[in-house]
Amino acid sequence: MTRVLDAEPHDSGTDVTAPNRADEGYDTIFSYRELARLDEALTMSSRETGLRFTLYIGDLGPKTRIRAEELHARGGDPADSVLLAISPGQRVIEVVTGASAARRLPDRACALAVLSMTNSFSSGDLVGGIVNGLRQLSDQAGHPRGARTH
Amino acid sequence: MTVVETLLVFVVAPLAVYVLFWALTYLPGGRKRQGVVYKPGQPWDHEPVWYEPQPRNAPAHAAGEGDTQAVGSSLYGETASISSGHGASGDGTGVLTSGSGSGSGSSTVGSSVIAGTRGATAASADGPAPAPGGPLGGARGTW
């Protein structure tokens, strides 16, 4: 007779290997192709500008600005980092620039990038909006002084 | 060319092409989409994620070039370039204040000076400074 195979899923990863495993138990918000686009956009805009662009996607609570600034302060080197905090459930995006990053990225430029991002988000294109917004922000910030990129 | 051949070539063959592309487009079981399809307005009940740029790895540039010797000050050794950027931006504020002293209001100039000096002290003091280095900028948007 057939009977239901009663097996529980288990993870055979050890303490060493478990953090490297990407195939089990992780929330796949984006496909690999989208992750590659996000990764390239974040990495290249950070390298070109010398600023540190990070991207948070998740809930921001009732006070979105305060939460985003907390996150920005928690990341490494807050003065030079730019945080894009996106809460798709609340339909809110907050861009937080650190003290020295704000000199190269004025609020007006951030608002323009936010506008283009929200335009893409409202049509359901999260990744495309993020990539274009990062491109706009890094174009505005330009190269750091004294950096030889070419 | 008989009538049957004519029909086959001019009617059945184009129809076959159309049907093939229709089937490839609309029949299910094609490429499966990974990830979520975001629609504005749907609830977002996923774990928060935080993406960072990839660290500039050590073999990419020479070891002595703008590299801090403080081992363990950062996980990735990325703070060397950033702290040297602090010095450059500190110089930049001097230029900016001298340039914008004639144009813009004095309050913004003063705030940028304060931010510049704070950034310089944060760069001279080794170790990551958890305190925010000045006024934060940014923008907010909804959709």
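Quick notes on this structure:
- Checking every residue in the range A:125-144 against the condition of being closer than 14 Å to residue B:139 by Cβ, within 7 Å of chain B (Cβ to nearest Cβ) and not in a helix (DSSP H, G or I) gives zero matches.
- Applying the condition of being farther than 13 Å from residue B:50 by Cβ and of a type in the set (D, E, K, R) to the range A:59-94 and asking which residue is surrounded by the fewest Cβ atoms within 10 Å (Cβ to Cβ) yields A:63.
- Of all residues in the range A:87-116, those satisfying the criterion of being facing another protein chain (nearest Cβ under 7 Å) and part of a helix (DSSP H, G or I) are A:102, A:103, A:107, A:110, A:111, A:114, A:115.
- Residue match in the range B:47-64 (condition: surrounded by 10 or more Cβ atoms within 10 Å (Cβ to Cβ), among the hydrophobic types (A, V, I, L, M, F, W, C) and modelled with pLDDT of 75 or more): yes
- Scanning the range A:37-51 turns up no residue that is farther than 16 Å from residue B:52 by Cβ and either within 8 Å of chain B (Cβ to nearest Cβ) or assigned to a loop (DSSP other than H, G, I, E, B) (or both).
- Qualifying positions in the range A:87-133 - touching a Leu at 6+ places or on another chain (Cβ under 9 Å), among the charged types (D, E, K, R) and touching a residue at least 24 places away in the same chain (Cβ under 8 Å): A:94, A:104
The values are calculated or read from the model by the stated rules, or taken from the named source; none is laboratory data. These figures come from a predicted structure and were not determined experimentally. So basically every Cβ, Gly included, is an ideal-geometry build from the backbone, and we count neighbours across all protein chains shown.
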